[in-house]
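The structure appears right after this line, and notes come after that.
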Amino acid sequence: MLAYVVRRLLVAIPTILLLVIASFFLMHTAPGGPFTSERPLPPAVLANIQAQYGLDQPLWKQLWDYLYNIVVHFDFGPSFVQKDRSVNDIIARGFPISLTYGTLSFLAASLVGVALGIAAAIRHNTWLDYFAVSLGIAAQALPNFIMGPILILTFTLWLGLLPGGGWNGGQWEYLIMPVIALSTSYMGNIARITRSSMLEILNSNFIRTARAKGLPTRSIIWRHAMKPTLLPVVSYLGPVFVYVLTGSVFVDLYFSTGGLGQSYVSSALTRDYAVLLGVTILYGALTVVVNLLTDLAYAWFDPKIRY
Amino acid sequence: MFGKSEKAAELAADVTDFNAIRGRSLFRDAMDRFLRNKAAMASVVVLLLIIAFVLFGPLFAQYSNEEIDWARMGDIKGMGAPSLETGHYFGLDELGRDLFARTIQATRTSLLVGLIGAGMALIVGTAWGVIAGYYGGRLDSVMMRFVDIMLAIPLTLILILILVIAGRNFVTLFVALGAVSWLTMSRIVRGQTLTLKTREFIEAARAGGVSETGIIFRHILPNLIGVVIVYASLLVPEMILAESFISFLGLGISEPMTSLGRLIAEGAGTMNYGTLWQLLFPLFFYVTIIITMFFIGDGLRDALDPKDR
Amino acid sequence: MKPIAKLAIAALLSGTALSGVQAATHPETGEELAADQTFTYRLLDDISSFDPQVVEDVDGSSVSRDLFEGLMNQDEDGNLVPGVATGYEVSDDKLTYTFTLRDTAVWSNGDPVVAGDFVYGWRRAADPATASPYQWFIELMSIENASAVIAGDMAPEDLGVSAPDDHTLVVKLTTPLPYFPQMTTHSTTFPAPQKVIEEFGAEWTRPENIVSNGAYVLTEYMPGERIVRERNTSYWDNENTIIDRTVGLIINDENVALTRYLAGELDRTDVPAGQYPRLKEEHPDEAISFPRLCNYYYTFNLSDSGPEAFKNPMVREALSLAVDRKVIVENVMAGGQPEAYSFTPEAVAGFTPPSSAMAEMTQAERDARAKELLAEAGYSSDNPLSFEMVYNTSEAHEKVAVVLSQMWKQKLGVQATLANMEWKVFLEERGNQNFDMARGAWCGDYNEASTFLDLITTPSGYNDGKFSNAEYDQLIADAKTAEDTTPLYTRAEEIIAEETPVIPIYHYAGVYMMDSDVGNWPVDNVEQNWYSKNLYKLAE
């Protein structure tokens, strides 16, 4: 197992390198650059700016310098759009914010989602099942760009209970709406996957055998059905975890949280090359780690799986 | 050792026999089960109704989806509400266009987007995941690291490039949707395959001399179907919403054509301005599609579950 | 027990006394002022920089004008008033400007503001190493050697600006520039604190490092969340500054911003397109609209890559005539925007649009004339005109494009296909003439007609439609040195009306929700260069 983990982590390095190279060239192929603007800069000015940011160098040289600075100085470069800030700054400020509301949303979505799904499956075709199912559908039917405005209208304008946005160091009243908006649709999906997975497991031979043996239902569910039920859920949670940790562009847009989700999308739109690459590397590293954790979780959920 | 393989061979014989006997009626069997599932059948009826609405609705529309009602566009809140009198059954959108005609067209687009997008994810993601999970080893490692990279590459960039290289049309929209939707599916399928291939009945089948492809098609895939269908049904709404982001980048469909995702986004922005119908009608169709997907997915899962005979 | 009670009463008393002191009245108008002098407004996005020489966005410039002060300021009407300079003198050849600096001006760290700070700032703006996107502004100011410095052929020290003593700044120009003093209100020309910049390098604009000379200092910057600037007590005119604190809240979504405004979290926000009439009805004191120095138009691609049909002026005129600007202005934008029949907005100082035939006609007459022209050009229902119109993704642009295409379709049977594009792709495609017809808009750099008319001259970098007319180019070139520019600009607009290289649609309006307790918002400053120090909050 340890050898496997070490091997995977070693593979992570070329994986992320490939990711950087692919993103770098995709980025430079996309039309327009960071300094393409409504009023075109005079050629002399454009040349000065490009020289300052090293954009006048051949692409391979730019890529090399970029990687060199990361490896040697852990410097991800300056932002081309927010001129006062470096990429290190932007990530250092935005990531903890995304991490906070992302983790809370992830916990809320997975705990409630799994609980709902299991309850629905055990009480299949009862009011509890219908309730869980309708809750799941409702959560899915209100994507975050509807949830955002609804929450702000309700809690800020009509009830006057919560501030309409901002972060303020992550005080609880600033956290409530982002977490609700971000977690609901995942909650619905998780409940759905858990429910159907549990139904399938409860129907399988080994559970039937256990039932036939007369084991109490509670122990069947907890000791036998739980682990295999969660296996597909864990597969689904992996990418969701990464997505949620790096924040959500909708949450950042609607609630002015200042998280990293917005940087990820807007840096692509503004062609802020350094920020885009920096956030992509973070995203890639998280993906690699979380997917490794997911694979390890498989082995825990199903001891027969060997790597 | 011997004992085990003997047992396995027995089991294998059992499994192959079982398939030989039941093989022909497998499909009809599933069909019967599906037809008996009331919720699923009701959903199929509702979905057919929506399709009928999309196909025949235009016959009842008094306006086209792009025509602006110049006389009423100045006061949408006052004169644009849904009304049988004016012929705008669903009211007017923000520019004074008939929301009935627009909802029909949007539902048609979104149904296509949702079903085809989810379908592509289903095929590509399942194939990718099964191959990686079943063969394992280095192949698995390479295939899954590729998925890791694809998950992390900024989607916005890929979409912009598709727009620039391939231009704007319906086909590139599906390419774009397909490019992103299969990744999570492949991870789920691989996870399930990993655990399935350690089960006794697979070992048994192998011992019984069933070929690798035979095992994949006759034993792995049927056992995956539950999870796959459920996830695919979750993907339908996800695809419908993803389309509106893709259109934002200039890829996909362009005005005057529209989609449910876009109508909902527009309606959500203006929900407090006294024109709530602009949100509610498209949302109604979207929710109805989600609900039917839920029950049809559930019904299919139950019907196709190989254990549930 | 007693002493405590006493203390409490004293505190209470002092509390009321204190608020009594603070509930002052405005020195000029005599209106009662609010105790809390905080002005909170919505920012669309993070600003590009706090560095006055580097900042390039409109919102960032507003922040810069609060933090720093240049030679001259603008008042509520956009007139020039003294800033750090008490005044200036012009030489007879109009090539040398001598500014006298006030000796009471100090930086927020107590150092005096000297002419050398301006020299440093201006050199810094032109220096290629600063990589300011506004280097061209120094060139536009026609300062001696500016082009050579920017091109790297001369050292920044050779720029034609010098400080004979601490309170005198001398600027040498290469050509007389009547609006040169106006340009010293632009943030690129603000002074820069050399000591601080050299000490902290790229990090000098952080709240803990920054030193500024304006009426406010930067106290808090939470990217993506808010920007806070507070009264600078060492500012020379601090006594007359009323607002204590200005908070910019970054809210990307305009509808959310409006909700938060209505919930009382903001004093100012933008009105989403189309919502102004309703808001005006519900909040008559708060919804305001006033003309801005920007135009909005569609340009034909007249280059070789453009469609053959647009080479025919009759086709272009027909399309322009068929645009019912009233519908767009009243029913789509609905924010008090003026209809546009000229390229230059009427709000520009000293500019009166010439009366064109089109402006005189009724819409019915225009439509009839458009049909005639198009038929004459050889287009009919059998041979319909069709083309693609591109615009960048935005709800308001999309609405205008949809309405235009429907007007053409229903009136003229023209097939206009809509194509929205992501911003940078749009700029690239438009800049490379990969379009039939494209959206365009421009906000004036300064309050004079040439800032607009320059755009469609043959050499202009913004002339994406590649309109080229020798007479027009000559007129605009002549206007640079002419005593009376009115006849030249009038003729230039007439050429635009005859040739129709662009379809002017409307001119911008500033459409805001502004809390009625905000005093003195400069609605008459068409450039919307506002200063927090000129605002105040009324007691409610």
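The values are calculated or read from the model by the stated rules, or taken from the named source; none is laboratory data. Just so it is clear, the model here is predicted, and its values are computed rather than measured. So basically every Cβ, Gly included, is an ideal-geometry build from the backbone, and we count neighbours across all protein chains shown.
Among the candidates C:A396, C:A359, single out the residue that is part of a helix (DSSP H, G or I), more than 14 Å from every other protein chain (Cβ to nearest Cβ), touching a Pro at 6+ places or on another chain (Cβ under 9 Å) and modelled with pLDDT under 90. Talk me through it step by step, then tell me what you get.
On the way: C:A396 fails: more than 14 Å from every other protein chain (Cβ to nearest Cβ).
Exactly one of C:A396, C:A359 is part of a helix (DSSP H, G or I), more than 14 Å from every other protein chain (Cβ to nearest Cβ), touching a Pro at 6+ places or on another chain (Cβ under 9 Å) and modelled with pLDDT under 90, namely C:A359.
On the basis of being touching a Gly at 6+ places or on another chain (Cβ under 7 Å) and within 10 Å of chain A (Cβ to nearest Cβ), does C:E225 make the cut?
Details: touching a Gly at 6+ places or on another chain (Cβ under 7 Å): yes; within 10 Å of chain A (Cβ to nearest Cβ): yes.
Judged against the criteria, C:E225 is a match.
Among C:P207, C:P193, which is within 14 Å of another protein chain (Cβ to nearest Cβ), over 23 Å from C:K537 (Cβ atoms) and over 21 Å from the mean Cα position of the chain (by Cα)? Before the answer, list the steps.
On the way: C:P193 fails: within 14 Å of another protein chain (Cβ to nearest Cβ).
One residue alone meets the criteria, C:P207.
Can you pull out the residues in segment C:314-356 that are acidic (D, E) and part of a loop (DSSP other than H, G, I, E, B)? Before the answer, list the steps.
Going through segment C:314-356, the residues acidic (D, E) turn out to be C:317, C:324, C:330, C:339, C:346.
Within segment C:314-356, C:D324, C:E346 meet the criteria.
Please determine whether any residue of segment C:505-525 is in a strand (DSSP E or B), within 23 Å of the chain's Cα centre (by Cα) and over 30 Å from A:T270 (Cβ atoms).
Applying the first criterion (in a strand (DSSP E or B)) to segment C:505-525 yields C:505-514, C:518-519.
Okay, now just the ones that are also within 23 Å of the chain's Cα centre (by Cα), so C:505-514, C:518-519.
From what's left, over 30 Å from A:T270 (Cβ atoms): C:518-519.
Yes, there is a match, as at least one residue in segment C:505-525 is in a strand (DSSP E or B), within 23 Å of the chain's Cα centre (by Cα) and over 30 Å from A:T270 (Cβ atoms).
Name, by its number, the condition in (1) of a type in the set (A, V, I, L, M, F, W, C); (2) away from every other protein chain (no Cβ under 11 Å); (3) in contact with an Asp or Glu (Cβ under 8 Å, 6 or more places away or on another chain); (4) free of Cβ contacts under 8 Å to residues at least 12 places away in the same chain that does not hold for B:L177.
(4)
Return only the number of the condition from (1) in a loop (DSSP other than H, G, I, E, B); (2) surrounded by 13 or more Cβ atoms within 10 Å (Cβ to Cβ) that B:E85 does not satisfy.
(2)
Out of all the residues in segment B:248-261, which are surrounded by fewer than 24 Cβ atoms within 10 Å (Cβ to Cβ) and either assigned to a helix (DSSP H, G or I) or more than 8 Å from every other protein chain (Cβ to nearest Cβ) (or both)?
B:F248, B:I253, B:M257
I'd like to check something: does segment A:163-175 contain any residue that is without any contact (Cβ under 8 Å) to a residue 60 or more places away in the chain, closer than 25 Å to B:V227 by Cβ and either assigned to a helix (DSSP H, G or I) or among the aromatic types (F, W, Y) (or both)?
Scanning segment A:163-175, I find no residue that is without any contact (Cβ under 8 Å) to a residue 60 or more places away in the chain, closer than 25 Å to B:V227 by Cβ and either assigned to a helix (DSSP H, G or I) or among the aromatic types (F, W, Y) (or both), so the answer is no.
Which one of C:A477, C:A482, C:A470, C:A539 is surrounded by fewer than 22 Cβ atoms within 10 Å (Cβ to Cβ) and touching a strand residue (DSSP E or B) at 6+ places or on another chain (Cβ under 6 Å)?
On the way: C:A477 fails: touching a strand residue (DSSP E or B) at 6+ places or on another chain (Cβ under 6 Å); C:A482 fails: touching a strand residue (DSSP E or B) at 6+ places or on another chain (Cβ under 6 Å); C:A470 fails: touching a strand residue (DSSP E or B) at 6+ places or on another chain (Cβ under 6 Å).
So the residue among C:A477, C:A482, C:A470, C:A539 that is surrounded by fewer than 22 Cβ atoms within 10 Å (Cβ to Cβ) and touching a strand residue (DSSP E or B) at 6+ places or on another chain (Cβ under 6 Å) is C:A539.
Just need a number here: residues in segment B:130-160 that are small (G, A, S) and at the interface with chain A (Cβ under 9 Å from one of its Cβ atoms).
Filtering segment B:130-160 for residues small (G, A, S) gives B:132-133, B:136-137, B:141, B:152.
From the residues that got through so far, the ones that are at the interface with chain A (Cβ under 9 Å from one of its Cβ atoms) too are B:136, B:141, B:152.
So the count comes out to 3.
Restricting attention to segment C:138-191, and to residues there that are touching a Lys or Arg at 6+ places or on another chain (Cβ under 6 Å) and touching a residue at least 24 places away in the same chain (Cβ under 8 Å), which single residue is nearest to C:L80 (Cα to Cα)?
Taking segment C:138-191 as the starting set, the residues that turn out to be touching a Lys or Arg at 6+ places or on another chain (Cβ under 6 Å) are C:144, C:156, C:159-160, C:176.
Filter again for touching a residue at least 24 places away in the same chain (Cβ under 8 Å), leaving C:144, C:156, C:159, C:176.
On the way: C:E144: 23, C:P156: 28, C:L159: 25, C:P176: 18 Å.
Going through the qualifying residues, I end up with C:P176.
If A:Y4 passes every condition in (1) touching a Phe, Trp or Tyr at 6+ places or on another chain (Cβ under 8 Å); (2) modelled with pLDDT under 90; (3) within 14 Å of chain C (Cβ to nearest Cβ) but one, which one does it miss?
Among (1) touching a Phe, Trp or Tyr at 6+ places or on another chain (Cβ under 8 Å); (2) modelled with pLDDT under 90; (3) within 14 Å of chain C (Cβ to nearest Cβ), the lone unmet condition for A:Y4 is (3).
Within segment C:400-425, which residues are facing another protein chain (nearest Cβ under 7 Å), under 28 Å from C:G378 (Cβ atoms) and in contact with a helix residue (DSSP H, G or I) (Cβ under 7 Å, 6 or more places away or on another chain)?
If the condition is that a residue be facing another protein chain (nearest Cβ under 7 Å), under 28 Å from C:G378 (Cβ atoms) and in contact with a helix residue (DSSP H, G or I) (Cβ under 7 Å, 6 or more places away or on another chain), then C:V403, C:L418 are the ones that fit.
Give the number of residues within segment A:52-87 that are within 12 Å of chain C (Cβ to nearest Cβ), more than 29 Å from the chain's Cα centre (by Cα) and farther than 26 Å from C:D464 by Cα.
Matching residues across segment A:52-87 total 3.
Would you check if A:G238 is touching a residue at least 12 places away in the same chain (Cβ under 8 Å), facing another protein chain (nearest Cβ under 10 Å) and either touching an Asp or Glu at 6+ places or on another chain (Cβ under 7 Å) or surrounded by fewer than 22 Cβ atoms within 10 Å (Cβ to Cβ) (or both)?
On the way: touching a residue at least 12 places away in the same chain (Cβ under 8 Å): yes; facing another protein chain (nearest Cβ under 10 Å): yes; either touching an Asp or Glu at 6+ places or on another chain (Cβ under 7 Å) or surrounded by fewer than 22 Cβ atoms within 10 Å (Cβ to Cβ) (or both): no.
Criteria not met by A:G238.
Looking at segment A:106-152 only, could you name the residues that are aromatic (F, W, Y), over 21 Å from A:L202 (Cα atoms) and within 12 Å of chain B (Cβ to nearest Cβ)?
Residue satisfying the conditions is A:F145 alone.
Answer yes or no: is there a residue in segment C:91-99 that is over 24 Å from C:Q194 (Cα atoms), out of contact with any helix residue (DSSP H, G or I) (no Cβ under 6 Å at 6 or more places or on another chain), loosely packed, with under 15 Cβ neighbours inside 10 Å and hydroxyl-bearing (S, T, Y). Show your work before the answer.
Start the filter on segment C:91-99 by keeping residues that are over 24 Å from C:Q194 (Cα atoms), which leaves C:91-96.
With out of contact with any helix residue (DSSP H, G or I) (no Cβ under 6 Å at 6 or more places or on another chain) added as a condition, the list becomes C:91-96.
In the following step, the residues that additionally are loosely packed, with under 15 Cβ neighbours inside 10 Å were identified as C:91-94.
Cutting the leftovers down to hydroxyl-bearing (S, T, Y) gives us C:91.
Yes, segment C:91-99 contains a residue that is over 24 Å from C:Q194 (Cα atoms), out of contact with any helix residue (DSSP H, G or I) (no Cβ under 6 Å at 6 or more places or on another chain), loosely packed, with under 15 Cβ neighbours inside 10 Å and hydroxyl-bearing (S, T, Y).
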